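Asks: Pasting a structure here, questions to come.
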Amino acid sequence: MIITIGRQHGSGGHDIARALAKQLNISCYGKEIVDEAAASSNFSREVVDSFDEKRVATFIANEPHFFGIHDGFRLNMQVAAAQFDAIRALAEKGDAIFVGRCADYILRGRDDMLRVFIMSDMPTRLKTIEGRYSLDEEQAKKLIREVDKDRSSFYRYYTDQIWGEAGNYDLCIDSARIGVDGAVKVIISCLQARGLI
């Protein structure tokens with residue numbers, strides 16, 4: 001059983017993923033994908049993290065020995081490929097939840113997968129981000145827009161699909177309406193209806 005969770009920044013997607021993993025007693029991978037990609041490639045964790053779900057850079061690595069990649073290849077594409085390989089490898093280990101990083105697309109075609117997208121209204125997201133990072137409303141709004149723009153661009157570039165578009169997911173949840181616990185219950189109900197648990 002594989003569950004992928006896409007999420008708007010501040011919508012509680014990470015909290016929902018962790019709570020769901022605890023309830024189902026399965027692994028949950030978010031930033032852990034960065035660690036795994038770094039461990040299984042020639043890239044440092046800092047390099048992988050700097051490109052993690054970011055807008056595609058125009059940086060070209062012209063030095064053939066730079067990080068061990070070939071001349072003319074986009075560094076961001078090499079880092080993304082390392083992350084995608086890590087996602088595939090982790091999925092082979094057993095039941096898991098993957099947060100973001102195009103996992104729904106990378107693992108497409110599996111019969112045992114549920115693709116979820118978590119969204120929320122802006123006031124709720126602002127409150128979450130203001131509290132999490134000690135920001136004022138304008139700073140929180142700017143951060144939300146930047147992160148969502150990065151995630152959307154990253155997703156579009158590597159999947160040629162629209163991030164957050166309902167047709168790309170099996171289930172879309174407004175976390176502002178039902179909260180973390182409610183979202184977990186809805187996802188579990190959907191897994192049961194699909195015969196995955």
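Asks: Give the residue from Thr159, Gln8, Ser44 lying farthest towards the positive end of the charge dipole for the chain; charges sit on Cβ (+1 for Lys and Arg, -1 for Asp and Glu) and the dipole is referred to the Cα centre.
Replies: Gln8
Asks: Over the chain, what is the relative contact order in percent, taking alpha-carbon pairs closer than 8 angstrom and at least six residues apart?
Replies: The normalised contact order for the chain reaches 33 percent.
Asks: Please identify, among Lys93, Lys22, Lys54, the residue showing maximal mean-square fluctuation in a Gaussian network model of the chain using a 10 angstrom Cα cutoff.
Replies: Per the Cα network of the chain with a 10 Å cutoff, Lys93 tops the list.
Asks: Which sequence of His9, His14 reflects their accessible areas, 1.4 Å probe, from the largest down? Before the final figure, lay out the partial values.
Replies: Working: His9 15, His14 90 Å².
Reading off the accessible areas and sorting them downward yields His14, His9.
Asks: Let me ask another. Heavy atoms only, 1.4 Å probe, whole protein assembly: order Glu46, Glu137 by accessible area, highest first. Provide the component values of the computation, followed by the final result.
Replies: Working: Glu46 130, Glu137 100 Å².
Descending accessible area places them as Glu46, Glu137.
Asks: Using the structure shown, select from Lys22/Lys54; Lys54/Lys141; Lys54/Lys142; Lys31/Lys54; Lys22/Lys93; Lys93/Lys149 the pairs with a Cα to Cα distance greater than 24 angstrom.
Replies: In this structure, Lys22/Lys54; Lys93/Lys149 exceed 24 Å between Cα atoms.
Asks: Where in the chain is the longest stretch that carries no chymotrypsin sites (Phe, Trp or Tyr not before Pro) classed as loop by DSSP and with at most 16 other Cβ atoms within 10 Å?
Replies: The reported range is 74-197.
Asks: Given 10 Å bins starting at zero, what is the percent of C-alpha pairs of the stretch 87-197 in each, up to the one with the largest pair distance?
Replies: Answer for the stretch 87-197: a P(r) of 12, 37, 36, 13, 1 percent.
Asks: Rounded to the nearest 5, what % of the DSSP beta bridges within the chain are antiparallel ones? Working shown, then result.
Replies: Working: 1 of 18 bridges.
Restricted to the chain, the bridges split so that about 5 percent are antiparallel.
Asks: I would also like to ask the following. Show that you can apply the helix-only estimate: for the chain, add -39,500 (n - 2.57) for every DSSP H stretch of four or more residues, divide by all residues, and state [θ] at 222 nm to the nearest 500.
Replies: -16000 deg cm²/dmol
Asks: Net charge near Thr159, counting Lys/Arg +1 and Asp/Glu -1 over other residues with Cβ under 13 Å of its Cβ? Intermediate values should be presented prior to the final figure.
Replies: Details: positive: Arg101, Arg108, Arg115, Arg151, Arg156; negative: Glu53, Asp104, Asp160, Glu165.
Residues near Thr159 contribute +1 overall.
Asks: Quantify, in whole percent, the carbon and sulfur part of the accessible surface of the stretch 104-197 (1.4 Å probe; protein heavy atoms only). Can you show the working numbers first?
Replies: Working: 2500 of 5330 Å².
On the stretch 104-197, the fraction of accessible area on carbon and sulfur atoms equals 47 percent.
The values are calculated or read from the model by the stated rules, or taken from the named source; none is laboratory data. Remember, predicted model here, so these are calculated numbers, not experimental data. Using ideal geometry, Cβ is built from the backbone for each residue, glycine included, and neighbour counts are taken over all protein chains shown. The accessibility values were calculated without ligands, DNA or RNA, using every heavy atom of the protein model including side chains. Shrake-Rupley method; radii C 1.70, N 1.55, O 1.52, S 1.80 Å.
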